[in-house]
Amino acid sequence: MDDLERHAAYTHTVLSQQADRTNENEAILNGLIDVLVKRGLVSSDELLKAIESVRTETAERGELASLGAALRVDGEHAEATVDCEARLPVCQAACCRLRFALSAEDIETGALKWDLAKPYFNRLADNGYCHQWDGGCGCYEQRPTVCRSYSCEHDPRIWTDFAAMELNHEWIAEHTGRDELGPVELFMYSAQETEPPGRGLQAT
């Protein structure tokens, strides 16, 4: 847990700094809006309409601010029953390239490491697969609940036609693999004295 506690402290420090900046920016923005409205340079209705328009456009571009950290809380789940062995030659374990949040239990047991760049999501190896994947699951008996309960049968990200084993190559190629790292992520890997991962291989 030392690794988790150290990075939690780092995360909380960064969040505190960002909260201070947010409070200052909010004070400046609200003061500016107040001046504009009082001087009759903009009406409240015009302002609200503009805000909603910008919010919508920002969401559509996928640029809304996000903490980027998550802990999963597991409930009761039935274990999935998919014949993975029969599908592996086609899907090439595409599900083992997906991102998901780990639970506190997952982190404490240590079967899966979490990604320093995306707390507390599963860590991917340089090839874009789960770091426990090496032609087979390296932690199968201790795999997280999300892995036990996940079924690709109704997942359109993986299959365009499950019964016919037609893979969704386009989605897999576009959405799986390592992400480009920003300054914060590079700093965190540097602090760990580990090599930052490169972009993973794309599905073919």
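The values are calculated or read from the model by the stated rules, or taken from the named source; none is laboratory data. None of these values were measured; they are calculated from a predicted model. Virtual Cβ from ideal backbone geometry, glycine too; neighbours counted across all protein chains shown.
Table for the structure above
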| item | result |
| --- | --- |
| Subset of the range 93-137 (residues that are assigned to a loop (DSSP other than H, G, I, E, B) and in contact with a His (Cβ under 8 Å, 6 or more places away or on another chain)) | L112, K113, L116, P119, R123, A125 |
| Residues that are in contact with an Asp or Glu (Cβ under 6 Å, 6 or more places away or on another chain) and crowded, with 19+ Cβ neighbours inside 10 Å, drawn from the range 104-136 | L112, A117, F121 |
| Residues located in the range 109-128, provided they are among the charged types (D, E, K, R) and without any contact (Cβ under 8 Å) to a residue 24 or more places away in the chain | K113, D115, R123 |
| Qualifying residue in the range 82-98 (condition: within 29 Å of H12 (Cα to Cα) and either surrounded by 14 or more Cβ atoms within 10 Å (Cβ to Cβ) or at pLDDT below 85 (or both)) | yes |
| Subset of the range 145-164 (residues that are of a type outside the set (D, E), assigned to a loop (DSSP other than H, G, I, E, B) and over 12 Å from C84 (Cβ atoms)) | H154, P156, R157, F162, A163, A164 |
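This table checks each residue for (1) at pLDDT below 90; (2) of a type in the set (A, V, I, L, M, F, W, C); (3) farther than 25 Å from A173 by Cβ.
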| position | (1), (2), (3) |
| --- | --- |
| E63 | yes, no, no |
| R72 | yes, no, yes |
| S103 | yes, no, yes |
| A117 | yes, yes, no |
| R148 | yes, no, yes |
